[in-house]
Amino acid sequence: MPHQPIGVFDSGLGGLTVLQSLRARLPDEDFIYFADTRHLPYGDKPETFIQTRGQRIAAALAKCGCKAIVVACNTATAAAAENIRAQLALPVIALEPAIKPAAALTRNGILGVLATTRTLTSRRFAQLVKSHAPNAKVITQACPGLAEAIEAEGPESVAVETLLDTCVRPLADARADVVVLGCTHYPWVRAGIAQRLSPTTTLVDTGEAVARQVERRLTQESRLGGHGRLRFATSGDPLQVGATLARLCAISMPVESWTV
Ligand code: DGL
């Protein structure tokens with residue numbers, strides 16, 4: 001059945017930056033977005049915990065009739081993408097920090113990567129760097145607290161500004177000419193990150209690449225089609241998530257409460 005929704009999930013509302021790219025490329029598709037806000041942040045949690053969350057959420061989305069699952073979270077991809085693929089007979093499209101395009105773009109061979117601690121310490125990330133940027137100098141910077149501050153306080157809050165001062169400084173000092181936004185929350189603070197780097201630095205994220213990949217997979221399987229409908233659900237407080245959704249995306253919609 002082509003007219004089934006595409007399930008998208010993240011630890012919170014970072015994956016909405018991916019949903020925006022998905023909707024821009026595939027405006028006729030229906031989407032269910034699940035924010036695991038009760039367990040935000042994933043970035044500082046044990047790998048096994050994130051694996052279990054990813055598998056449960058993917059199963060819940062599949063049960064709702066989703067025809068594909070998009071893991072709109074770098075941290076969940078690193079910990080759980082393989083397990084989710086093994087568990088479901090559906091296309092599972094996951095994302096990871098854009099090291100490959102960054103390595104192609106750099107002129108001075110210095111790459112900066114902003115991501116969660118869990119992503120940066122994962123085996124998958126080490127493999128990504130080894131495969132795609134073996135000759136680059138890769139400066140990694142974890143940003144504990146940033147995803148939560150973006151959601152709770154807002155992208156232009158004092159808390160976010162203070163965290164950005166600390167997290168972006170090492171990349172500016174190292175003169176990285178390409179900076180990878182390796183967490184789906186960080187495009188919400190793209191301007192604040194850019195402002196702290198040289199104006200010639202290029203910032204890369206993966207939203208559009210993921211949207212192209214979803215389009216490719218569903219075209220191959222002749223499963224594109226929908227009515228452009230959206231549904232939101234959370235494991236956290238639906239009212240609070242609804243308010244954040246309105247603030248970040250100007251979308252005013254009821255948010256469902258799911259026990260997953
Ligand atoms: N947005 C998520 C990512 O892409 C994780 C943020 C978090 O929960 O720590 O990595």
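The values are calculated or read from the model by the stated rules, or taken from the named source; none is laboratory data. Computed from a predicted structure; not experimentally measured. Note that each Cβ is placed from the backbone with ideal geometry, even for glycine, and that neighbours are counted across all protein chains shown. Each accessible area value is taken on the protein alone, full model and side chains, heavy atoms only, with ligands, DNA and RNA left out. Shrake-Rupley method; radii C 1.70, N 1.55, O 1.52, S 1.80 Å.
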Picked from the range 68-107 (must be among the small types (Gly, Ala, Ser) and more than 15 Å from the ligand (Cβ to nearest atom)), the residue surrounded by the fewest Cβ atoms within 10 Å (Cβ to Cβ) is 89
Per the filter on the range 118-142, residues surrounded by fewer than 17 Cβ atoms within 10 Å (Cβ to Cβ) and in contact with a strand residue (DSSP E or B) (Cβ under 8 Å, 6 or more places away or on another chain) are 137
Log entry, pairs with first residue in the range 115-135 being under 20 Å from residue 14 (Cα atoms) and within 11 Å of the ligand (Cβ to nearest atom), second being open to solvent by 70 Å² or more (accessible area, probe 1.4 Å) and not in a helix (DSSP H, G or I), beta carbons closer than 8 Å, six or more apart or on different chains, reads 116/44; 116/144; 117/44; 117/144; 118/44
Every listed condition ((1) open to solvent by 10 Å² or more (accessible area, probe 1.4 Å); (2) in a loop (DSSP other than H, G, I, E, B); (3) at pLDDT 95 or above; (4) more than 9 Å from the ligand (Cβ to nearest atom)) holds for residue 2 save (3)
Exactly one of 231, 190, 175, 247 is at positive phi and of a type in the set (Lys, Arg), and that residue is 175
Among (1) open to solvent by 10 Å² or more (accessible area, probe 1.4 Å); (2) of a type in the set (Phe, Trp, Tyr); (3) within 10 Å of the ligand (Cβ to nearest atom), residue 49 falls short only on (3)
